[in-house]
Structure formats: C-alpha cells, structure tokens
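What follows is calculated from the coordinates using simple rules that are stated; it is not laboratory data. This is a predicted model, so every value here is computed, not measured. Reconstructed Cβ throughout: ideal geometry from the backbone, glycine too, with neighbour counts over all protein chains shown.
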Amino acid sequence: MLLNRRNSGDRWRIRPDGPGKVTGRLAYLTDLTAPGMLYGLVLRSPHPHARILSVHTEAARRLPGVAAVLTHRDVPGLNRFGIARQDQPVFCEDRVRYVGDAVAAVAAKTPELARRALALIEVAYEPLPTVDDPELALRPDAPRLHPEGNVLHTKTFRTGDTGPIFARCAHVVEETYVTPRQMHAYMETEGGLFVPGPEGGLTVYAPTQHGRMDRLQLARILALPEERIRVVSSPIGGSFGGKDELNVQPYGALLALATGRPVRIHNSRRESVRAGLKRHPMIIRMKTGTDEKGRILAHRVRIVADTGPYASLGAEVLNFATEHAVSAYRFGCVDAESVSVFTNNGMSGEFRGFGGNQAVFALEGQMDRLADAVGMDPWEFRRLNLKSADDPGPFGQPIAKTDGLAKVWAAVERSRLWRERKAAELSESSETGGAPVPGNCGTQAAVERPPWMKVGIGAAMVMHGAGLGFGLPDPSGGRLALRKDGKIEAAFGFEEFGQGLLATLEQMLIERFGFAAEDVRIVIGDTDAVPDSGSSTASRATSMMWRSLGLLERPFTEKLLRAAAEACGRPARQLGLGAGGIWDRESGERVLTYEALAGRLTEPIVCEAGTSYPVSDTDIVGAHYLYAYAAVAVKVEVDGLTGRVRVLDQFHAVAAGPVMNPQGYLGQIEGGSSMALGYALLEEAVMERGQYVTNNFDTYLIPTIADHAGPVEVMPIEDLPEGDEHGPRGVGEIGSVGLAPAIASAVRHATGVRINRLPIDPALLQEVLPVGETAVMRGER
Amino acid sequence: MNDNGAKSGTSPEAARAGERPWESTVNGRPVRLPVPPAKRLLDIVRDDLGLTGTKRSCEIGRCGACMVLVDGAPVNSCLMMAYQCAGRDIVTIEGIADESGLHPVQRAFLEEGGYQCGYCTPGMIVSVKALLDAVPDPSPEELEEALSGNLCRCTGYGGIIRSVRRAIEIIRRGND
C-alpha cells in the first residue's frame, strides 16, 4: 500500500513542532539574542594553501567597540578539532590548507564594527602550491599537506585474486564514475549564541547532531571540564550531516569566554559555502565480470575520495563507500581498494548517505552496463545476482536477516512504471523486428512528443547500512519520568533538524503507552537535561528510541501502576495507562489523572534505559549489522535540444521495518529523493584551484518546485522475519541514494547515452545533427 | 517586486526619507524607527522589531526564506532597503494569522506536513498567501511560477504542493 495521508488514517498526525514552524514563532538557535551581546566573525584564509608569515591584530584591537581579537595564541586547550581525529586547527598557526581555514576571530558591538575589525587584521601569507587533484596528490612528488603525507585513510576488502577470474569471464565491464562535490544547502546557515556563565562556565546554543560530542570537543579546546559546558543543540534549520562536526562553536565559545559577554555568530551563505563540509567527490573505477548466463564472477573496485584538508569523518565515509560499492549482490570474487586523500580543496565530510550515494551510483551503473553486455533485461539481471536473505553482508559479515532486497526488487518489477517500460519495449520490438529502440517509451506518449523529446524509464537498487558500524562505540538510551506537574517526560539526547524526530517520539509514546499527546513533554538537544543517546546520525535515532522505549515500557508502566494502585486503592493488575491518566480496565473509567498521581508522589517516578546500536560479530571496522533496502523506478524526459533532463514520475519501495511515523517516513523518502535529483541533475560546488566558484544559490542550484514534477509514490514494505528484534530501521538516508543512479539508467534508456559522471552534463544529451529521421546523440558510440 | 522598490527609490520623497524616522505599517501596526535609509528590511524586521519568523539565508534574493508582503506583494526582504518601503504596508509571517490563530494556508501546511526543518516555511507560507490572494485557484504552472523563488531543501516540494491544494480547498469552503 502506498504511503500517504489518506492511507495512514489517524496515524497521520500534526507534528508537535508544527504550530511554531508555520507561524514563525519557533525560535531557532540562530534567532536567539541576549542583552549586551557581541557579534562574532571569523577571519578565514584567502588562499587554498599558504604559509602564514605574520599576523598583526593591534589595529583591530584598537578599534573602539571591538571587545576581543583572538588567534591561536588565545586557545587555552587543544587548538584542534575533529569528531574522529583532531587535526583541524581552530586557528591556524603557521600554515593554511584551504580557503575556509580560520586565522583569527573578533567580537564587536555591532556587525559593522566586527567586519571593520576583520579588515584591520593584517596577515602576511606566502602562497604554496595548491594541491587540488586527489590523484595528483597521491604522486610522490606532490606537496605534502601533512607530516604523514597526503593519505588520510585506506580501506581494502579482498576475497581473492580477481585477475584470473576476469580472464575467464564471458563479459567484463570497466568504467570510471565521477561524482560531484554536493553541498548540504541547509536553509539555516551555521551559527548560534554563546553565553558565558558564572564561574567560567559556558552555555552554547548552536546546531549540531550530537550535543555531547560538541561538549567533549569544546572541553578539549577550552580546557574546561565538560560539566561546565552546556550545549543546547536543537531545533535546527536543516543539517543533513553537515552540522554534525564543529563549525562556528569554537569561535563563539572562545570569544564569549574571552569577553565575558554573550556572543552571537551567524554565518553568511558565502562563508557557509567556503568553510562548510561537502559530500566527498569520488572517482570510482569498477571492473565487473560475469559468466555467459550473467552471473557475476568478479568485481574490482578502486575509489579515490577527495577529503579536503583535514580528516573530519573522511575515513568513516570511505569505509562506508567501500562497503556499499560491494553491496546488494553476490559478486563471486571481490577486490576493493579505496583511498581518501588530503587536498587543498574544500572540506569534505559527513553528508546524508555517507558515501553510499557515490558507491551506489557506480555500482548500479555497472549493473546496467553488464545487463546490456549480457543481453538481459537490467532488472532481471539484478534479480539473478541479488543477495538472498541468508547471505552475509557486503564485507562477508553476519547481518540481521531480512528479505528486504527481494521484496523491494519485486515491488519495482510489479510497479506501474516498470510495467510501462516493459510494455513499451514489447510494442517496439514488434514494430522494429526485435531490436529495442531507445527513447520511445509509451507509444501514446511517443506520438504526442516532438522527435527531440525522449522518454525513458530506469531503476536502481539500494542496500544501506545504519548505525555507526563495527569498531565505533555506538551507545544510546533514554529516560521516562512522571514529573511533578503531571507530565510524562521523555528525554533523549537527540536533535530535531526537520526529520520529524519529535513527532516520531511522540507517536511512539502514544501508540506504545496509550498516552495522549497533551500528557507528554519531550526533552531533547540539551546536554544538561538529557541522557546519552548517541548521535542523531547514521539513520539510528528512530531505532534507538524504539529500542529504549521497549526497555522502559515494563519498568515504567509497573512503577506508575503500583503508585496508582496505592493512591486509589484498586489492584495494580486492574489498572492500565491511558490518555490523561490511569484507567480501570474493568470499569473502563479513568481513576486518576497523571497530575493527581504526580501530586501524591513523594518523589518523581524516573526510569532510565541504556542500550547500544546492534553490531555485527565481525572484526571489519565499519561493517554494519542492520540494513534498510530500497528500489527506485523513475521516468524521465530528455530534451534533445537543450540536453535537459526532467523527472516525470517516481516510485520508491523501501523495506525498513514498521513505519513509526507515516508523515515523517514519507517526508524522508520524498525529501531525500529531491536531494538525489539535485545530485543527478543540478548540483556541484565547483572549485577551481582550491577556490569555490559557486558561492551561493545563484550558481549552486538546488531543486526548486519547478524541478518537482509528477507523482512520487512511496511504498513501505514493513514486514520483518519472525523473531526479528530490531524493529524499525531508520529511513533518514536511504531516500537520498537510489534516485540518482535510477535517473542515469532512465537517461540511458531514453537516449542511449551512458552516464558516468554527475551531475549529468546536458551537452552530452544534445542532439548534434538530425540524420534522416533519427537524431544522433553525441554520447552514442 | 524590484520594480516597486526602484520606483519608490527614485521619488524625491523617498530620497529624503532618511532624514526622518522610518515610518511604515508592520502587521497592521504603525511603526516609527530611527534607521538609516539603506538598512535592509530583513534587518529591520528581525533586529529592530524582533520578528524572527522572517529568516535570513542566502541574502541575495534567491531562496525566499525572508519573504514578506509589501502592499500585498511578496518581496525578498533581504533585497529591500528601508527607504524603498517607507510608508508601505508590510506583513510578516507573524501577521498572516487572523484572530482565530491560523491562516488557512498555515492550517493546510500543518495538516499536510508541508514542512520539515521549518526554516523555509514562513517565507513559503507568505508566498502561498500572496499567490492565493491574487489567484484563488492557480494552475500548476502558476503555482510553479509563484513558488519557484522559495527554496526548500527538506521536503522535495511534494508536501508543499499538497499543502497548497489543501489550502485552496479550505479557503473555498470557508467562502461558500
């Protein structure tokens, strides 16, 4: 059944954060102000690579209204940050490695004064050669960006020697795929308010996807005990992975502590582009071979990722990309080798899909090319090679068994779009005597379209791991309490950045415990008020809330009912939780409101649960245990005059266990697919010699409403094998993966042009010259 | 919208406006502020009036997060200066709702889930209100044109389109 409002019935709910959002009343952290606050600004390097010869701040300091000018000398603790590896300077000492590198920061009474102060800081640079190509950066004669060289990380996964196997393959396909530097383009740029407390403490109001990690990182930088720092991290105007790493926090925190006054920072879009993370550009070479019948015998993968100047999560993203480049299918022999390389380009890092987007674009490209080589229907080719429910994970590791892959495959096979493609091919092969002609999908449509408009349908499979993977601590947990005011308080250390976490949690509380929405108060995103739930990343939060509430259900219910029994004099077994209070199950009447119950308590009822994300029994770092599965079919229209591709119709089948929150689930798949549409057709943060050429939304194009055309159907496949203990798998990322390779496949179907680079270059799809009645596509060979 | 601004910008009255306090109507209330004539409307609304529902995002008029109504027309407030909107009727997201609490467009966005992170939502709702005030039953093309200056990174626009359709329905029923 398709997921939509009508089919969801009462489960389609108004989000608790909705009223504040549609009225503009919700204050984001970048909307906050404080009396007497100062405005902070960061001076960043104009050079992608240079030595710092000197920094003079005297003139800036002397400017009236300037409260502080800070450089690396003013960092009391570690002058470095990074979630996984602390190698990014808060302030550069003697060298800058990208155009976002910070050299100094100022706090002043007004934004104008802060800008003037920045301009008064004199930094002398000696430019160094720019390393802007990751493959050149690997050469022995390339300038070394770090003492250990230019390799951040390598990942190898090999089950044998593919060489001799390729020699006996009937079909071998070799291709190089190139993927762009995609920008998160959250509408709210980085920023926040930093308020010094009494006795040297600090409260940070700034978006992040893991408040505790920010607190830990800031404690290192500020040389303060973590308890003295409070991080309020929610609500957030979009993140998509991009605000998980520290951004403006070190500067706001240092300036607030240096001046003893609240400091506000809010990045301009230009600064956000310049300093912020992007999706790793990757060059992915794949060589894949099959036997005569189309069974894959060998798969060779080489990935080069441009991670930019510092680590952030570049190593983890590479592990994920490697895992997903060998996912979903049985490959026979696998030989994968990946490397993440330092360059003087922009910072790369965490981004929804986490390396899977690049890998799956390449992998699905291989599947289409192999199917053509074998002479098979591309979807049938996938079925032939698909992993079964009993197969291990991509790295050969044990995984939670589900038949998600087979089910999403079948859903596309039966979908309206795929049937349309098959019908079109049937009618064409009868018209042309067998050979399928691309571009005339749907006889009816072909009649109505001018000859330069081609239509095609393509599809792609996705297998997407969730959780941080083996080798990384992945704890979680939550707390339920009945507070004095009668509210059931649910506290989790997660953040709301639009994904609908608050709504999902509220719905879980209502559906699992029987509470009414008004009974519940949710507390998230405040390190002083929440337990350790781990990060709001890696499609893990829904799973972890479900698991934690499962652990809390019995003890919390029992405590409430026992207290209620004592208060009302009825046996606890006769009582149950419900809307507005405790209900007598026999008489069907409410015997006590939560408020009344709370009033009778001498101390509040509190239950806390600790858990952690399930991991595979393996020794391969990054290997996942839980996966979600998706298959996407898409219909596109290619204009042979302009080369532009228009998406007309989408179908997404997603197997991720039960749907906890229909509106949230639909929003994640629709919204994720829009990002994939941008990835496939529009988006690239272009860099030339280490400088951003695209600085704002005038040149960096994300999809607009005009790019959204036609239906987007989402079909959740909810069933899990009997005995599955893991409940809902997250869907925060998976929707952002499959549409791009499906579009590439549909473009090939429409035009015959194979796509190996994103975003798709319209020049490839422009018809060169009409020859007779058939247009010749430039890419057609 | 730029045309309007340019017109008032060339009038001699407006050129001298900077010498006097800036006066306009904001959300139905007269406002008098001592601001420089080149101050952006976005900053007046957010910083001087504390109406933070109007959002700052691209600051070059591309994203629509700062959309407000000036004499009923949608305007990117990051592109309009004080002198250009002096003496005009300005409505921000905070002034959209009627006495009952929510404008039908707001109700429709709530019911359909036409938002996620919510940061583009005030600007989006302002644009939708302006559209439906002018064209009660827009064609898909009119809708596309009216909202193509409002970027949303979260929803993929499906929920927004459903919200607009729902808003049309609510308004039509309310008028019957």
Stretch gain in nm, segment A:Asp619-A:Arg689, where the contour uses 0.36 nm per residue and the Cα spacing is subtracted: 21.2 nm
Nearest 0.05, what FRET efficiency do A:Glu292 and A:Arg25 give at R0 = 51 Å with Cβ-Cβ as r? 0.20
Relative contact order (percent) for region A:475-612, with alpha-carbon contacts under 8 angstrom and 6 or more residues of separation? 37 percent
Stokes-Einstein D for the protein assembly as shown, Kirkwood Rh over Cα pairs, 4 °C, 1.567 mPa s (µm²/s): 44 µm²/s
Dipole of the protein assembly as shown (Lys/Arg Cβ +1, Asp/Glu Cβ -1, origin at the Cα centre): which of A:Thr642, A:Phe81, A:Asn695 lies farthest to the positive side? A:Phe81
Once phi is turned into ³J(HN,Hα) by the Karplus curve 6.51 cos²θ - 1.76 cosθ + 1.60 with θ = phi - 60°, what whole-Hz value does each residue of region A:187-198 show in order, with x for glycine and proline? 6, 8, 6, 5, x, x, 10, 10, 10, x, x, x
What per residue convex hull volume, in Å³, comes out for region B:104-175 when only alpha-carbon positions are used? 72 Å³
Distance in nm between label sites at A:Arg600 and A:Asn4, each 7 Å beyond Cα in the beta-carbon direction? 4.9 nm
5 Å is the cut-off here: which amide hydrogens, built 1.01 Å from N in the peptide plane, fall below it relative to A:Arg80, excluding neighbours closer than 5 in sequence? A:Val90
Could you state the orientation-averaged shadow area of the convex hull built on the Cα atoms of region A:461-578, in nm² to one decimal? 9.4 nm²
Would you calculate the separation in nanometres between label points at A:Ala423 and A:Glu718, each defined as 7 Å from the Cα along the Cα-to-beta-carbon direction? 3.0 nm
Computed, not fitted: 222 nm per-residue ellipticity of chain A from DSSP H runs ≥ 4 (each -39500 (n - 2.57)), nearest 500, equal to -8500 deg cm²/dmol
Tabulate in residue order the Karplus-calculated ³J(HN,Hα) for region A:50-55, using 6.51 cos²θ - 1.76 cosθ + 1.60 with θ = phi - 60°, rounded to whole Hz; enter x for Gly and Pro. 6, 8, 8, 8, 7, 10
Residues in region A:293-333 near a label at A:Leu78, defined as backbone nitrogen under 17 Å from the 7 Å Cα→Cβ point? A:310-316
Considering the Cα positions of chain B, please state its Rg to one decimal place and its Dmax as a whole number of Å. 16.2, 49
Nitroxide proxy distance, nm - points 7 Å out along Cα→Cβ at A:Asp94 and A:Glu112: 4.1 nm
Karplus ³J(HN,Hα) for region A:76-82 (6.51 cos²θ - 1.76 cosθ + 1.60, θ = phi - 60°; Hz, whole; x = Gly/Pro) runs x, x, 6, 7, 8, 9, x
Reach of A:Lys287 by Cα under 18 Å, taken over lysines that are not fewer than 8 positions away in the same chain: A:Lys155
Residues in region A:452-481 near a label at A:Lys559, defined as backbone nitrogen under 16 Å from the 7 Å Cα→Cβ point? A:477-481
Relative packing of B:101-111, A:722-732, A:670-680, which averages over residues the other C-beta atoms within 10 Å, highest first: A:670-680, B:101-111, A:722-732
